[in-house]
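For reference, the structure is listed below as structure tokens.
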Amino acid sequence: MNATQMELQDLSINTIRFLAADAVEKAKSGHPGTPMGLAPLAYVLWKVFLKHNPKNPKWPDRDRFILSAGHASMLLYSLLYLTGYDLTLEDIKQFRQWGSRTPGHPEYGHTPGVETTTGPLGQGFADGVGMAMAERFLASYFNRKEHAIVDHYTYCIASDGDMMEGITGEAASLAGNLELGKLIYFYDNNHITIEGSTDLAFSEENVKKRFEAYGWQVLVVAHGNDIDAIEHSIKQAQSETRKPSLIIVRTHIGYGSPKQDNASAHGAPLGSEDLKLTKQKLDWPLEPSFYVPPEVLSHYREALKEGEEAEKEWNIRFEKYAQEFPKPAEEWHRFMNRQLPEGWDKGLPVFDPKKGPMATRIASGEVLNAVAAQIPNLIGGSADLAPSTETYLKGLGDFLKSDHKGRNLHFGVREHAMGAILNGMYLHGGIIPFGATFLIFSDYMRPPIRLAALMNIPVIFVYTHDSIGLGEDGPTHQPIEQLIALRVIPNMTVIRPADANETREAWIYALTNRKGPVVLVLARQKVPILNQNKYESATNLNKGAYILSGAKTPPQIILMATGSEVSLALAAQEKLTEKNISSSVVSMPSCELFDVQPQEYKDKILPPSVKARLVIEAASPKGWRDYVGLEGDIIGLNRFGASAPGEVVMEKLGFTVENVVNRALALIRR
Ligand SMILES: Cc1ncc(C[n+]2csc(CCOP(=O)(O)OP(=O)(O)O)c2C)c(N)n1
Ligand SMILES: [Mg+2]
């Protein structure tokens, strides 16, 4: 490398440093130090290795890049702007402002080139594992000899905070087990977190051993500014095809500034004086701010031509593939557009009440297996509870290190990573992912559920054992507050079907929905299959609530229920009818779906004139006031459950026909 090249390299690296520092300075908030330390690594990765086309951020075979340390967002925005994505210097100047495309933390769907929303530490790390799993699945599915149409890396930069979060351990352990060799991660080892030195709570030297124990190749770069060492390590990581690689890079937060190696460089502007000193020290012009040397811009913008060529070359390869394998090529487009194949729903079961009662989780398993046979990119699994959640796809193989073609994912007992991995799989493209566990353990995966909702991506979460009705396992396993806790997450649809046929409809909704996550809440215990000749059809589920049974004219009382409590409401209705009291039973599998119905429909289901309204749901009553008003009543649970047979717990805690009838009568008399 000659002197001019060296100089250009230094200028290119410092451009990132000062774009970050200037943007944070202007916004008066943000994180300058980390981009400053990481600039050389980012430069090498993006300049030399990253396969991407800034003009088409959705090119399916691009390398994925995740900034798990989302607080360092200015690093990513600088790279996106410099390499020619649809992001301008003006956008950079609007960092962290209302309506700008450069929000505080990277947000998927908001800024072109941002692969996933990061900020909650550990999430990006695990998302990447999901992306790498998706890549391997699709490669096994589509690639043919001499025709590797799926073949890319997943890169991620993780910080000390990422390394401390538990989800990282979960995801890393699974990645090692699955031998995701195309995963190349960087650990930004700068010894600093918000409270100060990492020594306070973390023993650095063990990260290497820890990841080796997970089955990773671990490489160490002693100096974060050592371009050659970084380049060499990435090459070494690429040549290890079996193990994922972690490259530990010793960097210096706030590099070049008076705040270098100090926690004060983490989350606040350098301040005008220190910024000036830093520019002087690194030989950078003080004015103008946001300075990008023209030769630096054209150097980075070579990515445009390179990217276009790379994609063009891939397109030619894909064309050849399509000629030789027209059917899979067609399927490829369908996968990438998240379309369901023709006839995907032809095997859907219709459940006959004559079969006797059936747990909705069992019905779900039947529906899932029927559709999985038709939808080859529907893949998923459970956090070690497949036999209980009924989510095993029979005869469709296991996703294992030796076979990345299997459609059953075994997450191990790792709910938190499961959630993020599902997100990553969806974000990669080409996959319709689902994941299952007990409803109680949705608590263990709330952060990725929330992020799925924030990103508005249609991941399917399946939760069984949905109430005290699960019985003997007792209060540690009996959800109370989980339902409302999920319902309050924006952009998400929670569905708690009443019986087997509603469960089928819930799956239809989940599979055809393209916006936001869907949560299916299913019972462990048996519930009657509702007679479709006697009651209103389960196909009404997509309206969120419907009158299952009862009065055409406004009734004296409305009984509203969800899931396993719907059949209880129906039994109570019979008793009320015997007493000449007219009632309607409203099955309300999804509040979110009901809320968006036209007012006219809502008034038909819940006539405003009927004030006597009773909700029955074996969970926290919170939220139901919205539907019953101050004059209604709610049979719910303001306490934890108990260990006993399910029917006994239900009975002791008030979920009996008698109690429903009594509370209904009390309401009418009021
Ligand atoms: C789950 C989660 N907890 C807490 C935070 C708040 N937070 C942001 S950065 C950070 C730690 C900073 O240390 P490190 O990850 O090493 O980043 P660096 O300061 O080196 O850039 C914390 C605690 C967060 N973003 N996510
Ligand atoms: Mg750090």
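The values are calculated or read from the model by the stated rules, or taken from the named source; none is laboratory data. Remember, it's a predicted structure, so these values are computed and weren't measured experimentally. FYI the Cβ positions are ideal-geometry reconstructions off the backbone, even for glycines, and counts take in every protein chain you see.
Details
- Some residue of segment 132-152 being within 16 Å of ligand 1 (Cβ to nearest atom) and not β-branched (Val, Ile, Thr): no
- Criterion (part of a helix (DSSP H, G or I), of a type outside the set (Gly, Ala, Ser), more than 18 Å from Asp633 (Cβ to Cβ) and touching a strand residue (DSSP E or B) at 6+ places or on another chain (Cβ under 7 Å)) met by exactly one of Leu548, Leu593, Leu568: Leu593
- Residue pairs meeting the criteria (Cβ under 7 Å; at least 6 apart or on separate chains; first farther than 15 Å from Asp10 by Cβ and in contact (Cβ under 8 Å) with a residue 12 or more places away in the chain, in segment 31-50; second away from ligand 1 (no atom under 13 Å from the Cβ) and of a type in the set (Asp, Glu)): Val48/Glu231; Leu50/Asp63
- Every residue from segment 153-170 that is assigned to a strand (DSSP E or B) and either near ligand 1 (Cβ under 8 Å from one of its atoms) or in contact with a Ser or Thr (Cβ under 7 Å, 6 or more places away or on another chain) (or both): Cys156, Ile157, Ala158, Ser159
- If only residues of segment 64-100 that are in a loop (DSSP other than H, G, I, E, B) and in contact (Cβ under 8 Å) with a residue 60 or more places away in the chain are counted, the one that is nearest to Gly128 (Cα to Cα) is Ser68.
- Across segment 626-649, the number of residues qualifying as assigned to a helix (DSSP H, G or I), farther than 13 Å from Ala561 by Cβ and hydrophobic (A, V, I, L, M, F, W, C) comes to 2.
- Within segment 239-291, tally of residues that are hydrophobic (A, V, I, L, M, F, W, C), touching a helix residue (DSSP H, G or I) at 6+ places or on another chain (Cβ under 7 Å), touching a residue at least 40 places away in the same chain (Cβ under 8 Å) and surrounded by fewer than 20 Cβ atoms within 10 Å (Cβ to Cβ): 3
- Only a single item in (1) under 20 Å from Ile379 (Cβ atoms); (2) assigned to a strand (DSSP E or B) is not met by Leu138, and it is number (2).
- Residue in segment 200-209 that is touching a helix residue (DSSP H, G or I) at 6+ places or on another chain (Cβ under 6 Å) and away from ligand 1 (no atom under 16 Å from the Cβ) present: no
- Among the candidates Lys552, Lys579, residue that is surrounded by fewer than 19 Cβ atoms within 10 Å (Cβ to Cβ), assigned by TED's automatic domain parsing to the domain that holds Ala664, farther than 29 Å from Pro458 by Cα and modelled with pLDDT of 95 or more: Lys579
- Index of the failed condition, Leu79 passing every other in (1) out of contact with any Asp or Glu (no Cβ under 8 Å at 6 or more places or on another chain); (2) within 16 Å of ligand 2 (Cβ to nearest atom): (2)
- Asp345 vs. criteria touching a residue at least 60 places away in the same chain (Cβ under 8 Å) and surrounded by fewer than 14 Cβ atoms within 10 Å (Cβ to Cβ): no
- Segment 1-36, residues that are closer than 18 Å to Leu277 by Cβ and either outside the structural domain of Tyr81 (by TED's automatic domain parsing) or in contact with a Gly (Cβ under 6 Å, 6 or more places away or on another chain) (or both): Val24, Gly33, Met36
- Index of the failed condition, Ser583 passing every other in (1) touching a Pro at 6+ places or on another chain (Cβ under 8 Å); (2) closer than 27 Å to Leu520 by Cβ; (3) in contact (Cβ under 8 Å) with a residue 60 or more places away in the chain: (2)
- Of all the residues in segment 26-41, those that are in contact with a Leu (Cβ under 6 Å, 6 or more places away or on another chain) and in a helix (DSSP H, G or I) number 2.
- All conditions but one from (1) in the same structural domain as Asn501 (by TED's automatic domain parsing); (2) under 30 Å from Trp59 (Cα atoms); (3) aliphatic (A, V, I, L, M); (4) assigned to a helix (DSSP H, G or I) apply to Ala370; the one that does not is (2).
- Output for segment 601-619, where each listed residue is more than 28 Å from Ile480 (Cβ to Cβ), part of a loop (DSSP other than H, G, I, E, B) and in contact (Cβ under 8 Å) with a residue 12 or more places away in the chain: Pro607, Ser609, Val610
- Taking segment 186-206 as the range and being touching a Ser or Thr at 6+ places or on another chain (Cβ under 7 Å) and more than 10 Å from ligand 2 (Cβ to nearest atom) as the test, only Glu204 passes.
- Scanning segment 331-361 for residues that are polar (S, T, N, Q) and either modelled with pLDDT under 95 or in contact with a Pro (Cβ under 6 Å, 6 or more places away or on another chain) (or both) yields one hit, Thr360.
- Condition met for Thr83 (assigned by TED's automatic domain parsing to the domain that holds Ser159, crowded, with 23+ Cβ neighbours inside 10 Å, of a type in the set (S, T, N, Q) and more than 16 Å from ligand 1 (Cβ to nearest atom)): yes
- Put simply, of Ile184, Ile194 the only residue that is within 16 Å of ligand 1 (Cβ to nearest atom) and within 29 Å of the chain's Cα centre (by Cα) is Ile194.
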